[in-house]
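To start, the structure under review is shown below, and the notes come after it.
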Amino acid sequence: MTDSVTATAKTEVSTDANKTEEKVNLLGLSQAKLEAFFESIGEKKFRATQVLKWIHQMGVDDFDNMTNISKALREKLKRIAEVRPPEVIQQLDSADGTRKFLIKVTGGSAVETVLIPDGERGTLCVSSQVGCSLDCSFCSTGKQGFNRDLTAAEIIGQVWLAAKSYGQFGEDRPRIITNVVMMGMGEPLLNFDNVVDSMNLMMHDNCYGLSKRRVTLSTSGVVPALDRLGQYTDACLAVSLHAPNDELRNELVPINKKYPIAMLLDSAKRYIDGLPDNRRKMTIEYTLINQVNDRPHHAHELVQLLKEIPVKINLIPFNPFDQSDYRRVSNNALRTFQDILIKAGFTTTVRTTRGDDIDAACGQLAGAVNDRTKRSERYRNQQALAAEEAVRIVNQ
Ligand code: SAH
Ligand code: SF4
């Protein structure tokens, strides 16, 4: 883990033409890093708690409004630091309440964040990288390739922006964002420090105070990073499995060649077993692709694979896109597959679709900005929809 303020600050170069010096963006700093920052400027550590609350509980990004901090310190902060959320390029609202943000990130790229309301629950789907290097055969983010990691300020900034847009900041305000899933663009475990710091801010009592049962990291299986995860956080875990054996998974999720299923499930199990409360199950995500991994024998093999592990299973019908020859699972095959799992005793859910009228799914608008060809937009729409569906399922 990087534990220096400067490491984070260096990635946060101000783009404001009026500012001549590089300022430290306090938005993405963990409590420990914020304490180190205040100590480094000769201030007491408790300032970190005050500032954390201003930023993440009150939604304040102007030091002048941090009224329990002396004028002298506020002036000093204004010279050397800033609270700079990423910029929202576009916000779209669906008739069903789904809200989507297209977020500009430094370097001219864009990522997406989607808030999916469902009764009392509001689930925010957050991105961790611009693109993804892992190239899963059914995923359009993977097909875009990898651009770069998001900074911690850009990751927690997605939560900050969404909370702001719903007027959630301040005392006694209704909480709209109740759940966060790291299921937008990117592989969260390949951006370990920034993702961990951001998830911990989401769960921190002085920040968003989300329950550890309501913040979920989804991974395709970067085992060495998963092995370390439990030392740094106790959020929920979703494993993108998609196949019941290594031969098939090697095809769908290439990182499986490096870290095969047994290794991945062992590591995931150790993570779940190490959580302070032992009642949590990991979520298994399984994207169903016609004639590829959706046959009854695949379901039976999955039952055997998972029978000793406390899991709930989310089935995600594959969303086809132009650059892919895969097809969506048929309704019959889906029902049969689900029945086999349910009969074997697994809690098994299937996705539902939301936000159709605004194409509310991760990837789509970002795609439209980066590449305006119709073909490319359609391609990314499919992946975006898939990720949004996966988010919903994890929370069912
Ligand atoms: N990289 C992480 C998290 C982001 S992907 C991971 O792989 O877990 C989020 C989810 O979107 C994954 O579970 C993936 O299976 C799903 N997904 C991506 N493209 C899809 C598609 N075309 N159809 C169905 N699900 C898809
Ligand atoms: Fe990356 Fe996840 Fe897509 Fe695989 S499914 S390419 S890990 S974003």
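The values are calculated or read from the model by the stated rules, or taken from the named source; none is laboratory data. Fair warning: this is a prediction, and the values are worked out from it, not measured in the lab. Neighbour counts run over all protein chains shown; Cβ positions are idealised from the backbone, glycine included. Remember, those area values only see protein heavy atoms, side chains included, never the ligands or the DNA or RNA. Shrake-Rupley method; radii C 1.70, N 1.55, O 1.52, S 1.80 Å.
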Expected unfolding gain across Arg79-Asp227 under the 0.36 nm per residue rule, minus the alpha-carbon gap, is 49.2 nm
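Which trypsin sites (Lys or Arg not before Pro) from the stretch 41-94 combine a DSSP loop assignment with at most 16 other Cβ atoms within 10 Å?
Those that pass, being in a loop and sparsely packed, are Lys44, Lys45.
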Once both label points are put 7 Å beyond Cα along the C-beta direction, the Glu247-Ala32 separation in nm becomes 4.5
Going through Lys269/Lys312; Lys312/Lys343; Lys104/Lys312; Lys23/Lys44; Lys45/Lys71 one by one, the pairs whose alpha carbons sit over 24 Å apart turn out to be Lys104/Lys312
The simple spin-label model distance between Asp135 and Lys44, using points 7 Å out along Cα→Cβ, in nm, is 5.6
In this structure, the FRET efficiency calculated for Asp322 and Ser211 from their beta-carbon separation, with R0 = 30 Å, to the nearest 0.05, is 0.15
Whole-percent carbon and sulfur contribution to the accessible surface of the stretch 205-270 (1.4 Å, no ligands, DNA or RNA) stands at 46
Per residue, accessible area of the stretch 231-352 with a 1.4 Å probe, heavy atoms of protein chains only, in Å², comes to 45
Scattering profile of the stretch 60-99 from the Debye formula, Cα beads only, expressed as log10 I(q)/I(0) at q = 0.14, 0.20, 0.23, 0.33 Å⁻¹, is -0.50, -0.65, -0.75, -1.10
Quick calc: nm separation of the 7 Å Cα→Cβ label points for Glu22 and Met58 -> 3.0
For the stretch 83-180, the convex hull over Cα atoms projects on average to an area in nm² of 7.3
In debye to the nearest 20, the charge dipole size for the stretch 123-194, taken about the Cα centre with +1 at each Lys and Arg Cβ and -1 at each Asp and Glu Cβ, equals 200
The percentage of the accessible area of the stretch 78-150 (probe 1.4 Å, all protein chains present) made up of carbon and sulfur atoms, to the nearest whole number, is 47
Diffusion coefficient in µm²/s returned for the stretch 244-287 by Stokes-Einstein, Kirkwood Rh over C-alpha pairs, 10 °C and 1.306 mPa s, is 137
